[in-house]
Amino acid sequence: MPPKAPQQISFYLQPYLSLAFFNRFNLSMLKRNSWFLLGLLLLLGVACKPTPEKSGKEKEKFKTEQHTDANGFQYETVTNDPLNARIYTLENGLKVYLTVYKDKPRIQTYVAVRAGSKNDPADATGLAHYLEHILFKGTSNIGTTDWEKESDYLNQIEELYQTYRTTTDTVQRKALYHEIDSLSYIAASFTVANEYDKLLSGIGATGTNAYTFVEQTVYVNNIPSNEIERWSEIEAERFGEVVPRLFHTELEAVYEEKNRGLDSDRRKVWENMLNGLFPVHQYGSQTTIGTVEHLQNPSITEIKKYFTKNYIPNNMAICLSGDLDPEATIQVISKNFGKLKKGEVPAYTPPVEQPITSPVVKEVVGPDAENVTLAFRFAGVQDSSSLKMELLSMILSNSEAGLIDLNLNQKQKVLGAYSYPMRLVDYSVHVLAASPKQGQSLDEVRDLLLAQIDSVKQGKFDDWLLDAIINDYKLSQMKSYESNKNRADAFVTAFVNRQPWEEFISEIDALEKITKEDIIKFTQENYDDNYVLV
């Protein structure tokens, strides 16, 4: 159940992506008056880049330091951290990110699991997303009136599904499904519907939700500050076991999501783009929601295996921001989540993609208006090239003064065009997209987008633009950190991307060091016919 991505980022990404990928990098977050503020900053000399020679103190601007709190819990901080975060690691490996921001007496909570659809078995795609749904159905202590009786029926249903998924005879499958349906009806008589949601609602939680993407599954709640104890008890219980309650009916809900996706031009464009970029890697070779075949032949056993392997504390993080006392909070979390048993994090070796040497062209036919999407593939988030790609994307499109903004949108050469980066762990993606005017061919739109990249290759952008972008980036980040949601979400992004907090918060400084010459060279070397065109 992924939340919607910002409208200005991508029409196509809305059904898929967490705000985690974009709320730090979207220059359009600020209103137009931010450019007035930017002008003041430039006039005051804030935009001047630091001199090449830095003192030892400046070189250690972001330095990780170790501490022990009054109760003996060890934690890390980073100097000059805008969030003043404390990062604890419990004995079982659970990461706990805490930051205090008292705009109201509430706490934004995220529980992040570093496993998503790329970790799905090849023969059971959609599993991570389906497990996300199941974890709202309760446990052996939540959501049942008689666990002993209910569990017996759930075990029978699991065995029948295992037989069902390997049976090909139509008559036999129909008989098996009828039996599953009958047992599910009986099992449901022991269910307390929506008890997990009622428990959270009972403590004043809002925004109860979750989302799954390629590398993460994240569970969301916003709670009153004085309910951290009960929230922690409920969530520790929730992540202690998986109970496939109401599997039968929830499967229908997930399948309906799939059906809506099959009718969505946006989703078809998105899936074709990723498949063109990643014919081997799971980013493109399998989808988050899964295939029709796999959804029609689910395996409760495989879901349990996935949970056991991936939902272990040393593969999870609790990310909190709000009106909290860090030392009291970590005591509560340790008491409840410390009971979860550490496991061996499954090894994952990303498939290696071959270079794209000529345009990969894919066509999508549907009822929506015509559009063009171009995408380039790069190394993952921890490679320096991904930062250059991100800066290039902002040069092209930042809602105000990017080349796409000035040359295409403001001159009305297309109906609408934009560019955005997507930095993932194994690979990154740079997407450009536009919609044609009436009578304009898709080839013309493609050429207009590519022409903006050519302009960068030739250095045809103002020298002040990089400084302006970085300063607007800083303003955007300052504004975003006035939200507990964004603060906690920053922790999720760093955790999922396997970035030390020191590295994560120092990225603006790294962007500042990239020169116009660096961008020109990077674009010349990396942007040619090596794109996917949908």
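The values are calculated or read from the model by the stated rules, or taken from the named source; none is laboratory data. Every value quoted in this text rests on a predicted model; they were computed, and no experiment measured them. Neighbour counts are summed over all protein chains in view; Cβ atoms, including those assigned to glycine, are modelled from backbone coordinates with ideal geometry. Remember, those area values only see protein heavy atoms, side chains included, never the ligands or the DNA or RNA. Shrake-Rupley method; radii C 1.70, N 1.55, O 1.52, S 1.80 Å.
Mind checking the angle between helix 170-188 and the chain's longest principal axis? C-alpha axes, 0 to 90 degrees, to the nearest 10.
In the chain, helix 170-188 runs at an angle near 80 degrees to the longest axis.
Summarise the accessible area of segment 403-475 (1.4 Å probe, protein heavy atoms) by the percent that is carbon and sulfur.
46 percent
If you take the beta carbon distance between residue 181 and residue 370 as r and set R0 to 45 Å, what does 1/(1 + (r/R0)^6) give as a FRET efficiency, to the nearest 0.05?
Here the calculated transfer efficiency is 0.55.
Please report, in whole Å³, the volume per residue of the convex hull around the C-alpha atoms of the chain.
For the chain, the hull spanned by Cα atoms encloses 161 Å³ per residue.
What aspartates and glutamates does residue 341 reach when the alpha-carbon gap must be under 17 Å and sequence neighbours fewer than 8 apart in one chain are set aside?
Straight-line reach from residue 341, under 17 Å: 91, 233, 235, 237, 241.
When Lys and Arg each count +1 and Asp and Glu each count -1, what net charge do the other residues less than 11 Å away from residue 283, Cβ to Cβ, add up to?
Neighbour charge sum, excluding residue 283 itself: -2.
May I ask for the equivalent-ellipsoid semi-axes of segment 391-523, computed as the square root of five times each C-alpha gyration tensor eigenvalue and listed largest first in whole Å?
29, 17, 15
Report the relative contact order of segment 191-333, percent, no decimals, based on alpha-carbon pairs under 8 angstrom and at least 6 residues apart.
Relative contact order comes out at 22 percent.
So what is the accessible area of the chain per residue, in Å², with the probe set to 1.4 Å?
On a per-residue basis, 44 Å².
Roll a 1.4 angstrom probe over the protein heavy atoms and tell me the percent of accessible area of segment 91-185 that is carbon or sulfur.
47 percent
Can you give the angle from 0 to 90° between the axis of helix 228-238 and the longest principal axis of the chain, with both taken from C-alpha atoms, to the nearest 10?
70 degrees
Any chance you could check the Cα centroid distance between segment 286-333 and segment 64-133 for me, in angstrom?
12 Å
Quick one: what do you get for segment 103-228 if you divide its Cα Rg by 2.2 N^0.38 Å?
It is 1.31.
Using the alpha carbons of segment 398-464, what is the convex hull volume per residue in cubic angstrom, as a whole number?
Dividing the Cα hull volume of segment 398-464 by its residues yields 107 Å³.
In whole percent, how big is the carbon plus sulfur part of the accessible area of segment 212-273, probe 1.4 Å, protein atoms only?
46 percent
How large is ³J(HN,Hα), in whole Hz, for each residue of segment 260-268 in order, when computed from phi with the Karplus curve 6.51 cos²θ - 1.76 cosθ + 1.60 and θ = phi - 60°, using x for Gly and Pro?
Those phi angles translate into 5, x, 5, 9, 9, 4, 4, 5, 5 Hz.
Please list the non-local residues whose amide H lies under 5 Å from the amide H of residue 106, H modeled 1.01 Å from N, same-chain partners needing a gap of 5 or more.
Amide H neighbours of residue 106, under 5 Å, 5+ apart: 225, 323.
Could you state the number of Å between the C-alpha centres of segment 212-234 and segment 420-483?
Each part reduced to its Cα centre gives a spacing of 34 Å.
Any idea what the dipole of segment 288-347 comes to, in debye rounded to 20, about its Cα centre with Lys/Arg Cβ at +1 and Asp/Glu Cβ at -1?
360 debye
Pairs of Cα atoms under 8 Å, at least six residues apart: use those to get the relative contact order of segment 111-245, whole percent.
40 percent
In whole Å, largest first, what are the principal axis extents of the Cα atoms in segment 328-386?
55, 33, 23
Keeping all protein chains in position, work out how much accessible area residue 305 exposes to a 1.4 Å probe, and write it in Å² to the nearest 10.
We get 110 Å² for residue 305.
List the lysines whose Cα lies under 22 Å from the Cα of residue 474, skipping any in the same chain that are fewer than 8 positions away.
Qualifying lysines at Cα under 22 Å: 31, 49, 54, 57, 59, 61, 63, 102, 388, 485, 513, 516.
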